[in-house]
Structures are given as C-alpha cells and as structure tokens.
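Participant: So that we are looking at the same thing, I have put the structure below in structure tokens.
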Amino acid sequence: MALIENVPRDSFSSRIGVIAAAAGSAIGLGNIWRFPYVAGENGGGAFLLIYFGFIVLIGVPVMLSEFVIGRSTQSNPVGAFKRLAPKSFWPLTGFLGISAAFFILSFYTTVSGWTLEYLFLAFKDGFAGKDVTTLSAEFDAFRTNGLRPLIWQNIFMVFTAFIVFKGIKNGIEKYTKILMPLLLVIIIILGIRSVTLPGASEGLLFLFNPDFSKITGKVILEALGQSFFSLSIGMGTLITYGSYIGKKENLGKTALSVSAADTLIAILAGVAIFPAVFAFGIAPEAGAGLVFITLPMIFDQMAGGYFFALIFFLLLSIAALTSTISVLEVVVAYLSEELKLGRKKATLLAASTIALLGVACTMSQGPWSILSIGKYNLFDLLELISANVMLPLGGLLIVLFVGWFMAKDKIFAELANNGKLSAGFRYVYLFIIRFLAPVAIAFVFLHGLGIFGFFGSGDL
Ligand code: TRP
C-alpha cells in the first residue's frame with residue numbers, strides 16, 4: 001500500500017501527447033468500420049446530419065464533463081465518483097462504465113482480429129482479381145470459421161495487454177503521434193480513388209443528401225449511440241484519460257480538437273467507402289462486413305493497390321489498438337487503484353476475463369450461433385446494448401452529475417485552470433449539461449427503446 005502511494009501517478013508528458021492519446025482512443029474501428037455500416041443501415045445522409053448534431057451539442061459537452069471529473073479527482077471512474085460524492089449511489093456510474101468496458105472490448109477485439117486477418121491477406125496477394133461475390137463469401141467463411149478469428153482476436157488482446165502493462169507514457173504517446181496523421185493521409189488517398197470510380201456520385205449523394213423520410217426513433221438512437229461510441233464517451237474512458245492530463249492543459253480546447261479529428265476521420269471513411277459501395281453494386285445495408293468487402297475491391301482497382309492495402313490494414317489495426325488500450329485501461333485503473341492490485345496483476349486479470357467473453361463473442365458468429373436472441377447473436381447484442389444503451393445511460397449520468405451535483409466553482413476552476421484561462425464558453429456549457437443534453441439523451445433514449453421493442457420481438 002505504502003509502495004503504491006509513493007509511486008507518482010503516471011501521466012501524459014505533453015500537450016500533443018494528450019491529444020494523440022485521446023484522439024487515438026476516439027479514432028478507431030468506430031470511425032472506419034462501424035460508422036459507414038451503421039450510416040448505411042440507417043439511411044445515409046439523414047443519419048449523418050443527426051450524428052453531426054449530436055457530436056456538437058451532446059458529444060463535446062459530455063467529453064468535457066468526463067475530463068472535468070477525471071482531472072479534478074486524478075482517479076479512475078469508480079474512485080472519481082467516490083471522491084466527489086462519497087456514500088452515494090454515484091460510484092455505480094463508474095461500475096456501469098466498467099461493465100461497458102467488458103462488453104465493448106469483447107466484440108471490439110473480434111473485429112480487431114478481423115483486421116489482422118485482412119492485414120495478412122493483403123500481405124499475401126493484395127486481394128488480386130477478386131470480385132464482390134468472392135470477397136463477401138470469403139469474408140463470411142472467415143468470420144464464421146471459429147478457430148482462425150479466435151487466434152487473431154487473442155493475438156490482438158495480447159498486444160493490448162502488453163501496452164497497458166507498460167503504463168501511460170511509454171509507448172502509446174510516442175507512436176500515436178506519428179501514426180494517426182499517417183492514417184489520415186491514407187484515408188484521403190482512398191477517398192480520392194473511391195470518388196473517381198465510375199458511378200461514384202450515387203454514393204456521395206447517399207452520404208450527403210439527407211432523405212428526411214428515413215428518420216425514425218431507431219435512426220436517431222443509432223446516431224446518438226454511434227456518436228458516443230466514436231467519441232469514446234459514456235463509460236469513463238475519458239474520465240480515466242482525463243485523470244492523466246496535466247493541470248496546464250486547456251480541457252475545452254482538447255475536447256474540441258479530439259471531437260473534430262474524430263468526426264473528420266469518420267466522414268473521410270464514408271467518402272472512401274460509399275462511392276465504392278455504389279460503384280460495385282453492394283447494398284449499403286451490407287452490415288458489419290461492409291469495409292472488409294468494399295475496401296479490398298477498391299485496392300484491387302487502384303494503382304499501387306497492393307501497397308495501399310497493406311498500409312491501410314496496418315494502420316487500421318493500429319487505430320484499433322490505440323482504442324482497445326484506452327478501454328482496457330479503464331478496468332486496469334479501477335482494479336489497481338480501488339482494489340490495490342498493482343498494474344501487472346490488474347492487467348492480467350482484466351485482459352484474461354475479458355478475453356473469455358471475447359471468445360464467446362467471436363464464436364457466436366458461427367460455431368456457437370446458438371448464443372443469440374432472435375436474429376442477433378451475442379456479438380450483435382453486446383455491440384447494440386453497449387453503444388445504444390450503456391453509453392447513452394452513462395453519458396446521461398455523467399452530465400447530470402457534473403451539471404447538478406458538482407459545485408459550480410469547482411467546474412469553472414477546472415475549465416479555466418483556476419483563472420488562468422478565460423473559458424468564456426462556461427455558461428453555455430453549463431446550460432447544455434444541465435438542461436439540453438440530459439433532456440435530449442433521455443428523450444432519444446426512451447423514444448428509441450420504445451420503437452425497438454427491446455428484448456421483445458421488435459427489430460432492435
Ligand atoms: N471510440 C473508439 C472507436 O471509435 C472505441 C472506443 C474506445 C470506445 N474507447 C471507448 C467506445 C470508450 C466507447 C467508449 O473505435
């Protein structure tokens with residue numbers, strides 16, 4: 001115990017480091033894999049517009065609230081609520097986040113495993129000469145195979161655990177700074193290739209031309225869930241990262257830059273994917289396999305495709321890794337600080353228990369398809385419940401907590417670094433987290449759930 005208290009708490013070492021790590025958490029499979037397929041299933045342009053609205057009005061304020069809680073307490077999500085509201089039910093919000101971390105990591109590492117397989121395939125033959133039918137048949141065969149995706153998933157979990165094992169400063173900070181900009185360049189190049197394919201304009205129209213008749217309660221809830229998922233908010237990841245942010249950093253600016261970078265990458269991913277989807281005659285509602293089928297098609301069609309395929313899947317794996325570490329870190333910070341386990345033990349315990357749920361998730365895609373409710377297997381259920389239920393609920397509790405239970409002076413001091421910054425936005429922020437965000441989240445949530453007929457026979 002004394003030993004733990006004598007070791008100074010790990011933290012980020014620079015401003016760029018904070019942004020790279022937080023953007024590294026936000027930018028991941030959520031932007032490149034999930035965003036295009038969820039947008040595709042929910043009508044394209046109309047979804048994008050609502051998604052964007054949620055990012056600005058709710059996402060940024062929730063992110064800022066997480067930073068405020070984290071930095072002011074220097075603690076993991078459970079410990080943070082314990083410090084700010086001892087002997088209350090608020091720490092349960094932290095536990096909700098810890099459970100969400102389990103759910104998210106188990107399906108996220110399944111998909112991360114897929115990216116490793118595709119990295120391997122890209123290396124082998126760069127998808128040469130394969131048409132849509134072959135690519136989608138091969139994707140399905142792989143996904144439902146059992147053993148092969150399982151091996152990749154666990155390799156990925158080992159990488160994740162290895163980095164978390166090492167702590168905050170050493171590693172993540174250094175290479176996210178170099179790799180995230182590289183990802184941006186690759187996505188721009190892919191976007192350019194995609195929009196210059198014959199028949200591409202239909203895809204751009206689908207993405208940017210909102211058809212308001214497509215908007216339903218489900219679409220709105222999916223947009224909210226996706227905005228939370230993509231920004232890494234609602235489960236305490238950014239409370240945890242916030243606790244490692246230095247006292248001199250401008251939290252408002254950080255939240256804004258991270259959200260802007262995240263949104264930009266999602267839109268660029270949409271621009272890279274939808275024109276190709278339409279050009280090659282794939283249904284935009286193709287679901288979770290969308291990027292694994294369309295992007296190999298584009299690579300096969302472009303000059304230097306072999307090289308770009310390789311680089312792309314490499315960077316996608318890295319983007320996924322900088323996100324998985326941020327999720328695992330939440331559980332590890334909790335175990336090591338609250339249960340005094342020590343970082344190494346905590347990492348082993350968290351990674352191995354999550355890996356077990358991860359196995360069930362991957363196997364539910366094929367061999368264990370018995371693990372399903374209606375048309376949703378365990379993988380789908382964990383994805384839908386974490387993004388569309390747990391994150392909005394967590395986000396709601398977080399804004400209610402900061403808005404109504406934290407002292408106003410304390411919030412303002414955190415936003416303005418004790419008077420060193422002007423933080424002119426503070427009243428707007430306070431208004432949003434007290435009224436606008438909670439009402440909007442609660443409304444979207446209840447409305448969306450009603451339409452879903454959750455746990456019933458509805459179409460979730
Ligand atoms: N935001 C990441 C992505 O878009 C995933 C992620 C990392 C996440 N940490 C999170 C999602 C915390 C929700 C909560 O891929």
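Participant: Just to be sure I follow the definition: excluding the sites themselves, where is the longest run in the chain that has none of the chymotrypsin sites (Phe, Trp or Tyr not before Pro) in a DSSP loop with at most 13 other Cβ atoms within 10 Å?
Facilitator: Longest run free of exposed loop sites: 90-454.
Participant: Pairs K177/K253; K87/K253; K248/K345; K177/K420: which exceed 25 Å Cα-Cα?
Facilitator: On the way: K177/K253 18 Å; K87/K253 33 Å; K248/K345 32 Å; K177/K420 27 Å.
The answer is K87/K253; K248/K345; K177/K420.
Participant: Take the alpha-carbon centre of region 175-231, take the same for region 243-278, and report the distance between them in whole Å.
Facilitator: 12 Å
Participant: Multiplying the sequence separation of I16 and L446 by 0.36 nm and subtracting their Cα-Cα distance, what value in nm do you get? Provide the component values of the computation, followed by the final result.
Facilitator: Details: separation 430, 0.36 × 430 = 154.80 nm, distance 3.88 nm.
Here the answer is 150.9 nm.
Participant: For A360 and F307, calculate 0.36 nm times their separation in residues minus their Cα-Cα distance, and state this gained length in nm to one decimal. Before the final figure, lay out the partial values.
Facilitator: Values: separation 53, 0.36 × 53 = 19.08 nm, distance 3.43 nm.
Answer, rounded to one decimal: 15.7 nm.
Participant: Magnitude of the Cβ-charge dipole of the chain, K/R +1 and D/E -1, about the Cα centre, nearest 20 debye? Can you show the working numbers first?
Facilitator: Numbers: 31 positive and 25 negative charges, 344 e Å.
Charge dipole, the chain, about its Cα centre: 1660 debye, nearest 20.
Participant: Tell me, what is a quarter of the convex hull surface for the C-alpha atoms of the chain, in nm² with one decimal?
Facilitator: Details: hull surface 82.3 nm².
Over every viewing direction, the Cα hull of the chain projects on average to 20.6 nm².
Participant: Suppose the chain between V185 and L49 were pulled fully straight at 0.36 nm per residue; how much longer would it get relative to their current alpha carbon spacing?
Facilitator: Working: separation 136, 0.36 × 136 = 48.96 nm, distance 2.46 nm.
In short, 46.5 nm is gained.
Participant: If I take R0 = 41 Å and measure r between the Cβ atoms of F405 and K214 in this structure, what FRET efficiency does the formula 1/(1 + (r/R0)^6) give, to the nearest 0.05? Before the final figure, lay out each step's value.
Facilitator: Details: r = 38 Å, r/R0 = 0.94.
E(calc), rounded to 0.05, equals 0.60.
Participant: With a sphere of radius 15 Å drawn around the Cβ of L135, what net charge do the other residues whose Cβ falls strictly inside it have (Lys, Arg +1; Asp, Glu -1)?
Facilitator: For residues surrounding L135, the net value is -3.
Participant: All other residues with a Cβ under 11 Å from the Cβ of W90 taken together, and with Lys, Arg as +1 and Asp, Glu as -1, what is their net charge? Walk me through the numbers before you get to the answer.
Facilitator: Numbers: positive: K82, R83, K87; negative: none.
Summing Lys and Arg as +1 and Asp and Glu as -1 gives +3.
Participant: Here's something else I'd like to know. So with the 1.4 Å probe, I'd like the accessible area per residue for region 310-460, rounded to whole Å². Numbers along the way, then the final one.
Facilitator: Numbers: 6400 Å² over 151 residues.
Value returned for region 310-460: 42 Å² of accessible area per residue.
Participant: Something else about it: Near V38, within a Cβ-to-Cβ distance under 14 Å, what is the net charge of the other residues, with Lys and Arg +1 and Asp and Glu -1? Present the calculation step by step, with values, prior to reporting the outcome.
Facilitator: Values: positive: R34, K214, K218; negative: E41, E222, E285, D380, E383.
Around V38, the charge tally is -2.
Participant: As a test of the formula, what do you get for the chain when each DSSP H run with n ≥ 4 contributes -39,500 (n - 2.57) and the sum is divided by the residue count, at 222 nm and rounded to the nearest 500 deg cm²/dmol? Mind dumping the intermediate values first?
Facilitator: Numbers: 22 runs with 320 residues, N = 460.
The helix-only estimate for the chain comes to -22500 deg cm²/dmol at 222 nm.
Participant: Over region 15-448, what is the relative contact order in whole percent, taking alpha-carbon pairs under 8 Å and six or more residues apart? Intermediate values should be presented prior to the final figure.
Facilitator: On the way: 700 pairs, mean separation 152.6, N = 434.
Once normalised by length, the contact order is 35 percent.
Participant: For region 7-99, which whole-number percentage of the solvent-accessible area (1.4 Å probe, protein heavy atoms only) is attributable to carbon and sulfur atoms?
Facilitator: Here it works out to 70 percent.
Participant: Enumerate the calculated ³J(HN,Hα) couplings along region 232-237 in order (Karplus 6.51 cos²θ - 1.76 cosθ + 1.60, θ = phi - 60°), each rounded to whole Hz, writing x wherever the residue is Gly or Pro.
Facilitator: 6, 10, x, 9, x, 4
The values are calculated or read from the model by the stated rules, or taken from the named source; none is laboratory data. Values in this document were obtained by computation on a predicted structure and should not be read as measured data. All Cβ positions, even for glycine, are placed from backbone atoms using ideal geometry, and neighbour counts span all protein chains on display. Remember, those area values only see protein heavy atoms, side chains included, never the ligands or the DNA or RNA. Shrake-Rupley method; radii C 1.70, N 1.55, O 1.52, S 1.80 Å.
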